[in-house]
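Data first, discussion second: the structure below is written as C-alpha cells.
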C-alpha cells in the first residue's frame with residue numbers, strides 16, 4: 001500500500017536519477033517499493049522500478065503511473081541497498097544496476113508451455129467393441145484406442161509417434177465421446193533423468209578442520225566478515241565450502257556459490273546436489289524455461305543453495321548466511337558492460353547487508369584480496385598441502401628459443417613435450433594441453449609486402465578458422481572469405497601465421513592419430529550441454545588428450561591426468577596490461593593443478609620464449625608468496641592497485657579527430673577537478689599517487705567502426721577517485737558523436 005502521493009521511479013538509463021510519478025487512486029493499494037511499474041517517459045512507455053514513496057516533489061506537473069507489473073515486490077530493501085552502492089561505486093544509473101538483478105527471461109515473462117493430453121473416457125467393453133467396429137474403415141482411430149487401452153492417457157506427440165495418427169483422428173474420437181483432449185502445462189526440469197548419489201562429509205585434514213572451525217564460528221556470530229581461503233590446488237577447498245554450507249542450513253540460513261566458468265558448473269552442481277537436496281542453478285547455458293523456473297524457485301523460497309556464474313550474486317534469496325566465491329581471482333567475475341561490476345566485490349557488499357560471511361577461495365588469490373589480509377581487513381586461512389599429502393606436480397620450463405637454435409625451426413610442440421605425451425599415453429594416462437588462443441591461425445600476412453589482414457571495423461588482425469574456411473574478428477564477430485591474394489600488393493603469397501587451438505588440434509591429431517582428442521574452446525562448446533558432455537567423456541576415459549583454452553585450466557578434477565602441457569606461456573604475459581604478470585602466474589598455477597591429483601602423480605611442461613620472467617619462474621616453483629612479494633613491489637612503485645585506485649575512461653566514436661578532441665576535453669576537466677580539490681586530495685600526497693594518465697589511443701584503437709581513446713585516473717583512495725570522476729559523471733553519456741564509458745577498477749586496459 002502506498003504511503004505517499006508520488007512514486008520515486010528509476011529507469012534503465014545511464015543517469016543516476018529518480019523520477020517522480022503520480023500514483024493514481026486505482027493503484028494506491030498496489031504500489032510498493034521494490035515493484036516494477038510502467039510509466040511514460042520521452043514519448044514512450046517504459047518499465048521502471050519503484051524505489052521510494054514521497055509526498056514531496058519539485059515538479060509541478062507529474063505524469064501518472066500507467067501500470068503496476070508485480071503482485072508482490074520483486075526486490076527487497078537489501079537488494080535495493082546493494083544496487084544503490086553499485087550505482088555510486090561504478091558510476092552507472094540505479095536503474096541500470098537494478099536491471100542486473102533480474103534475468104532477461106524474468107523481465108520479459110515467459111508463457112507456460114502446454115501440451116495436449118489424450119485419455120479414454122469410456123469403459124473398456126465399449127472401447128473394445130468400437131475398435132472391432134472401425135478397425136477396417138478407420139484403422140488409425142482404432143490404433144489410437146488400442147494405445148489408450150494400454151496406457152490410459154498419453155500426450156498427443158507421444159500418441160502420434162506410436163500410432164502414426166493425426167489430430168483429425170483424435171478430434172473425431174473426441175466428438176464421439178470416446179476420449180478427452182486436455183491441455184497440461186509442462187516444465188523443462190533441470191535435473192530430469194539425472195541421479196545424484198548422496199554423499200556424507202569427508203574426513204577433514206588438520207588444515208581443513210582449522211578452516212571449517214573458523215568459518216563456522218563466524219557464521220554463528222552472525223556478523224559480516226570476509227575469509228580468504230588460500231589453498232593449493234587439490235587441497236580440498238570444495239570440501240570446506242560444503243561443510244560450511246551444511247552449517248548454514250542447520251542454522252536456518254541459505255548460501256550462494258559463484259564459480260568463474262560455465263564449464264565448472266556441471267561438476268560443481270554434482271558435488272552440491274550429492275550433499276544438499278534444495279540446490280538451484282543460475283547460468284547462461286540453461287534454457288529460458290529453466291532459467292525462469294530456477295529464478296522463481298529461489299524467489300519462492302524453494303532453494304537453500306544457489307550455484308551459478310557471475311550474475312548469481314543477484315539471486316533473490318532471503319536470509320543469506322554465506323557467499324562463496326570459488327577461484328575469486330578470475331577476471332570472469334568482472335562484467336564488461338554497464339554496470340561494470342565485479343561480482344567478488346558486490347558479494348562483499350551484499351554480505352554486509354545480510355550480516356553474512358564471504359569465503360574467497362583460490363590457490364592464487366588476487367593481489368587485492370591478498371593485500372586485504374595483510375592490512376587486517378580480511379582474515380586468511382591457508383591450506384598448504386594437498387589432500388592425502390600428494391605432492392604438487394613437478395613443473396619443467398622449456399625455452400622455445402633453444403628449439404630454434406637446435407636447428408629444428410619454429411616448433412609448436414617441443415621434442416620433450418612430445419616424448420612425454422607418448423610416455424603418458426602409452427600407459428593409458430590422460431594429457432591436457434593448454435593454448436589460450438582460438439582459431440586456426442591468429443593472423444594472415446603477405447610474404448611479399450608484409451601486409452597483415454585486419455578487420456575493417458576493428459584495429460585487430462583477423463583470425464583464420466579452417467573449419468568455416470573464413471576469417472573472423474573476435475571482437476565484432478565479422479566474418480568473411482579468405483583472400484587468395486594480398487589486398488595491398490596482389491601477391492598470391494599469403495601466409496597463415498601463428499597457432500590457435502584449431503590449428504593445434506590438427507597438428508596433435510597428425511602426431512598422435514591413434515588417440516582420441518577433444519578440443520574445448522568457445523568455438524566448439526556452443527551447444528547447451530556441450531561442456532557437460534565433453535567433460536563427462538573425458539572423465540570416463542573416452543578422451544585421451546584434452547586441448548583447450550583457459551576454460552580447461554580451472555577447478556576440474558581428473559585423477560588420470562598425469563601430464564599438462566602449456567603450449568605457449570607468452571599469450572598473456574606480453575599484453576599491455578599492468579595485471580599481465582599476475583594473470584600469467586595464476587593461469588599457469590591453475591592449469592598445473594589439474595594434474596597429480598591421483599595416485600600416479602603428475603608433471604607439467606611449460607613452453608615459453610620468456611623463461612626468465614618472474615611470473616613463469618614463480619609458477620614453476622608453486623611460489624605464490626614469492627611472486628606476490630615481487631609483483632607488489634612493482635605495484636607500489638607505480639601506485640597501482642592494491643595501493644591505489646584506478647578508473648579507466650574510454651571515449652569512442654566514428655570520427656577519430658572528434659574522439660581525440662573529446663578525450664582531451666575530458667582530461668582537462670579531470671585535471672581541473674583535481675586542482676579544485678587540491679586541499680583535500682593532494683595535501684601530503686606524491687604526484688604519482690593521484691593524477692591522469694593520457695589521453696592516448698587505446699591499445700586496440702578501433703572496435704566495431706568506432707575509434708577509441710582512453711585515459712586512466714589514479715587516486716590514493718576510492719573517496720578521492722569518486723571526487724575526481726564525479727566531475728565528468730554525466731558528460732555526454734547520450735551523445736551520438738562521442739560516447740563515454742567509465743570503468744572503475746578495470747580488469748582489462750585493451
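No lab work stands behind these numbers, since they all come straight from the coordinates. Predicted model only: the values in this text are computed from it and were never measured. In this analysis, Cβ positions are derived from the backbone assuming ideal geometry, glycine residues included, and neighbour counts consider all displayed protein chains.
Things worth noting here:
- With R₀ fixed at 30 Å, the C-beta to C-beta distance from residue 516 to residue 196 puts the FRET efficiency at about 0.65.
- Beta bridges per DSSP with both ends in the chain, % antiparallel, nearest 5: 55
- Placing dummy labels 7 Å off each Cα toward the beta-carbon, the span from residue 490 to residue 661 is 4.0 nm.
- Among 229, 433, 286, the ranking by other beta carbons within 10 Å of each residue's beta carbon, starting with the fewest, stands as 286, 433, 229.
- Note on 162, 472, 724: ascending count of other Cβ atoms within 10 Å places them as 162, 472, 724, the fewest first.
- Cα→Cβ-extended label distance, 7 Å offset, between residue 222 and residue 600, nm: 5.1
- Packing rank of 272-279, 136-143, where each peptide gets the mean count of other beta carbons within 10 Å, highest leading: 272-279, 136-143
- Stretching residue 274 away from residue 32 to a fully extended chain increases their span by 83.2 nm, per 0.36 nm per residue minus the current alpha-carbon distance.
- Between the labelled values (1) 0.93; (2) 1.10; (3) 1.90, the entry that holds Cα Rg over 2.2 N^0.38 Å as derived from this structure is (2).
- Sites residue 5 and residue 45 - FRET efficiency at Förster radius 22 Å, r taken between beta-carbons, to 0.05: 0.55
- Net length gained if the chain between residue 121 and residue 167 were fully extended (0.36 nm per residue, minus Cα distance): 14.8 nm
- The chain: calculated mean residue ellipticity at 222 nm from DSSP helix runs of at least 4, using -39500 (n - 2.57): -9500 deg cm²/dmol
- Stretching residue 729 away from residue 110 to a fully extended chain increases their span by 219.2 nm, per 0.36 nm per residue minus the current alpha-carbon distance.
- Label sites at residue 156 and residue 318, each approximated as a point 7 angstrom past Cα along Cα to Cβ, lie 4.0 nm apart.
- The order of 606, 39, going from fewest to most other C-beta atoms within 10 Å of their C-beta, is 39, 606.
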